[in-house]
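In what follows, a single structure is set out as structure tokens and then discussed.
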Amino acid sequence: MIKVAVAGAAGRMGQTVCEAVTGAEDMELVGRADPLLGTTLADLLDNAATELAPDVVVDFTQPDTALANALQCVRAGVHVVIGTTGFDPAPLYEADAARAGSESRRANVLIAPNFAIGAVLMMRFAAEAARHMQKAEIIELHHDRKLDAPSGTAKRTAELMADASGGEPPPIHSVRLPGLVANQEVILGDLAQTLTIRHDTIGRESFMPGVLLAVRRVGSLEHSPTVGLESLLF
Ligand SMILES: NC(=O)c1ccc[n+]([C@@H]2O[C@H](COP(=O)([O-])OP(=O)(O)OC[C@H]3O[C@@H](n4cnc5c(N)ncnc54)[C@H](O)[C@@H]3O)[C@@H](O)[C@H]2O)c1
């Protein structure tokens with residue numbers, strides 16, 4: 001059994017992750033951290049050497065807390081799967097380099113801006129299309145309580161398209177409205193034609209198979225941090 005703790009457990013994503021972990025036969029939910037629940041991540045990591053010690057922490061919190069949470073997990077030797085978007089992961093690379101050759105237990109980090117398989121495919125197809133068409137723009141649409149703009153998925157898509165085409169990253173337009181969950185459209189234009197690649201998330205369950213896959217695989221990553229669910233899928 002993989003022992004899993006969730007940071008941001010009272011949030012929209014965190015609650016859905018807790019349900020998914022509870023429903024997975026090979027996982028046990030050993031802790032929920034969230035200021036709204038009165039439990040900190042440090043409280044959960046203090047359970048080391050007890051039966052509540054997590055093997056993996058899943059973080060769906062806020063851009064201003066995800067990095068500190070991840071560093072805390074790595075220092076405690078606990079693997080971490082990060083779904084939170086809108087933060088700079090650079091210090092996680094430095095932490096990994098600093099730890100190379102040290103005695104401390106190796107803890108891996110997986111960061112995925114989008115855990116939905118359809119979104120991962122959208123990014124892959126957009127990168128392929130960017131190699132063949134002149135120009136592109138990205139429109140991302142999310143619920144109006146999302147804290148970061150542009151979305152982590154849009155920034156990652158733009159990065160992958162720029163890498164594939166050898167050109168500039170395409171411009172990104174952000175829409176924030178009630179009623180939306182998470183949607184993205186990549187429009188590519190060329191001589192007398194356009195191509196639109198669109199992904200729509202209707203419910204947060206869409207992210208759960210990806211999150212559970214990441215929990216199962218984070219302990220055996222070759223590189224840490226690893227960015228993108230695609231590294232586990234393709
Ligand atoms: N990677 C993906 O596939 C994916 C999908 C959807 C959302 N997201 C991202 O996940 C994040 C969470 O989204 P949400 O809609 O659930 O937000 P939310 O505001 O509903 O939940 C965030 C929760 O984190 C808690 N929190 C804040 N600081 C904390 C800390 N230090 N320790 C523990 N908990 C803390 C808050 O109290 C809140 O309950 C956002 O960054 C969002 O962009 C990622």
Dipole in debye (nearest 20) - the chain, about Cα centre, beta carbon charges: Lys, Arg +1; Asp, Glu -1: 140 debye
Nearby lysines by direct alpha-carbon distance to residue 146 (threshold 23 angstrom, same-chain neighbours under 8 apart not counted): 155
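Expressed as a whole percentage, what fraction of the accessible surface of region 1-73 belongs to carbon and sulfur atoms when a 1.4 Å probe is rolled over the protein heavy atoms? Write out the running numbers ahead of the final one.
Values: 1780 of 3420 Å².
Of the solvent-accessible surface of region 1-73, carbon and sulfur hold 52 percent.
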Region 12-103 - accessible surface per residue (Å², probe 1.4 Å): 50 Å²
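Give, as a single signed number, the net charge of other residues whose beta carbon lies under 9 Å from the beta carbon of residue 143, with Lys and Arg counted +1 and Asp and Glu -1.
Details: positive: 12, 145, 146, 176; negative: 144.
Here the count lands on +3.
I need the helices of the chain that pass two filters: whole DSSP H segments spanning 15 Å or more by Cα along the axis, and mean Kyte-Doolittle score no lower than 1.0. All intermediate terms of the calculation are to be shown ahead of the outcome.
On the way: long enough: 12-23 (17 Å, 0.07); 117-130 (20 Å, 1.41); 152-165 (20 Å, -0.36).
Qualifying helices: 117-130.
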Evaluated over the chain, the Cα radius of gyration and Dmax, each in Å: 18.2, 65
Positive dipole terminus of the chain, leading residue within 223, 172, 108 (C-beta point charges): 172
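What does the extension gain come out to for residue 147 and residue 162, with contour length at 0.36 nm per residue minus their alpha carbon separation? Could you put the intermediate results ahead of the total?
Numbers: separation 15, 0.36 × 15 = 5.40 nm, distance 2.52 nm.
That works out to 2.9 nm of additional length.
Quote to one decimal, in nm, the extra length available between residue 1 and residue 180 on full extension: 0.36 nm per residue of separation minus the C-alpha distance between them. Intermediate results must be reported in sequence, preceding the final value.
Numbers: separation 179, 0.36 × 179 = 64.44 nm, distance 3.56 nm.
Length gained, residue 1 through residue 180: 60.9 nm.
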Portion, in percent, of the accessible area of region 155-211 that falls on carbon or sulfur, probe 1.4 Å: 57 percent
Estimated distance in nm for a label pair at residue 47 and residue 191, the labels positioned 7 Å out from Cα along Cα-to-Cβ: 6.3 nm
Among 128, 25, 159: highest mean-square fluctuation, GNM of the chain, C-alpha pairs under 10 Å: 25
Separation of the residue 223 and residue 135 label points, Cα + 7 Å toward Cβ, nm: 3.3 nm
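The values are calculated or read from the model by the stated rules, or taken from the named source; none is laboratory data. Worth saying up front: this structure is predicted, and the values here are computed from it rather than measured. When we count neighbours, we look across all protein chains shown, and the Cβ atoms used for this are built from the backbone with ideal geometry, even at glycine. We work out accessible area using only protein heavy atoms, side chains counted, and drop any ligands, DNA or RNA first. Shrake-Rupley method; radii C 1.70, N 1.55, O 1.52, S 1.80 Å.
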